[in-house]
Amino acid sequence: MTDEPTATAARGTRKVRDGTVTSTRMDKTIVVAVVDRVQHPRYRKTVQRTKKLYAHDEANDARVGDRVRVAETRPLSRLKRWRLVEIVERAR
């Protein structure tokens, strides 16, 4: 047995987020709004925080309103650090 960590353990696990597509105006790029519920540190009330993520969409499949799953990846441009994994639900 060796004491070396495996390649996946050394790199770590990538974050995965679910969100809603808010923009598809850029080529091969989507903007995904991820809503996170956090507790306010002082008042203990649950509040919603929205974060915009720029994700790579190689095939330009996603449309505005789609529920999508994105995963963390290496920096692809100045703002893009996520990639589209799958479209969970299509917009109606």
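Please indicate, with yes or no, whether at least one residue in the stretch 75-91 is at pLDDT below 95, in contact with a Lys or Arg (Cβ under 7 Å, 6 or more places away or on another chain), of a type outside the set (Val, Ile, Thr) and loosely packed, with under 14 Cβ neighbours inside 10 Å.
Looking through the stretch 75-91, at least one residue is at pLDDT below 95, in contact with a Lys or Arg (Cβ under 7 Å, 6 or more places away or on another chain), of a type outside the set (Val, Ile, Thr) and loosely packed, with under 14 Cβ neighbours inside 10 Å.
Considering the stretch 40-68 alone, what residues qualify as being over 26 Å from Arg92 (Cβ atoms) and surrounded by 10 or more Cβ atoms within 10 Å (Cβ to Cβ)?
The one that is over 26 Å from Arg92 (Cβ atoms) and surrounded by 10 or more Cβ atoms within 10 Å (Cβ to Cβ): Val47.
Consider the stretch 15-37. How many of its residues are at negative phi, basic (Lys, Arg) and surrounded by 13 or more Cβ atoms within 10 Å (Cβ to Cβ)?
1
Specify the residue that is nearest to Ser77 (Cα to Cα); the eligible residues are those in the stretch 21-46 that are outside any loop (DSSP other than H, G, I, E, B) and charged (D, E, K, R).
My answer is Asp36.
How about the stretch 10-39: which of its residues are basic (Lys, Arg) and in contact (Cβ under 8 Å) with a residue 40 or more places away in the chain?
Result: Arg14, Lys15, Arg17.
Looking at (1) surrounded by fewer than 10 Cβ atoms within 10 Å (Cβ to Cβ); (2) farther than 24 Å from Leu79 by Cα; (3) modelled with pLDDT of 95 or more; (4) not charged (D, E, K, R), which is the only condition Thr6 fails?
All conditions are met except number (3).
Looking at Thr73, Thr46, which is the one that is over 19 Å from Lys15 (Cα atoms), among the polar types (S, T, N, Q) and in contact with a strand residue (DSSP E or B) (Cβ under 7 Å, 6 or more places away or on another chain)?
Selected residue: Thr46, the only one of Thr73, Thr46 that is over 19 Å from Lys15 (Cα atoms), among the polar types (S, T, N, Q) and in contact with a strand residue (DSSP E or B) (Cβ under 7 Å, 6 or more places away or on another chain).
Assuming Arg42 fulfils every condition listed in (1) out of contact with any Ser or Thr (no Cβ under 9 Å at 6 or more places or on another chain); (2) touching a residue at least 12 places away in the same chain (Cβ under 8 Å) apart from one, which condition is it?
Of the numbered conditions (1) out of contact with any Ser or Thr (no Cβ under 9 Å at 6 or more places or on another chain); (2) touching a residue at least 12 places away in the same chain (Cβ under 8 Å), the odd one out for Arg42 is (2).
Could you list, in sequence order, the residues of the stretch 47-67 that are part of a loop (DSSP other than H, G, I, E, B), among the small types (Gly, Ala, Ser) and closer than 11 Å to Val32 by Cβ?
The one that is part of a loop (DSSP other than H, G, I, E, B), among the small types (Gly, Ala, Ser) and closer than 11 Å to Val32 by Cβ: Ala62.
Which residue, of Arg37, Arg11, Arg49, Arg25, is among the basic types (Lys, Arg), farther than 10 Å from Trp82 by Cβ and either touching a Lys or Arg at 6+ places or on another chain (Cβ under 6 Å) or modelled with pLDDT under 95 (or both)?
Checking each option against the conditions leaves just Arg11.
The values are calculated or read from the model by the stated rules, or taken from the named source; none is laboratory data. Being a predicted model, the structure only gives us computed values, none of them experimental. Cβ atoms come from the backbone with ideal geometry, glycine included; neighbour counts cover every protein chain shown.
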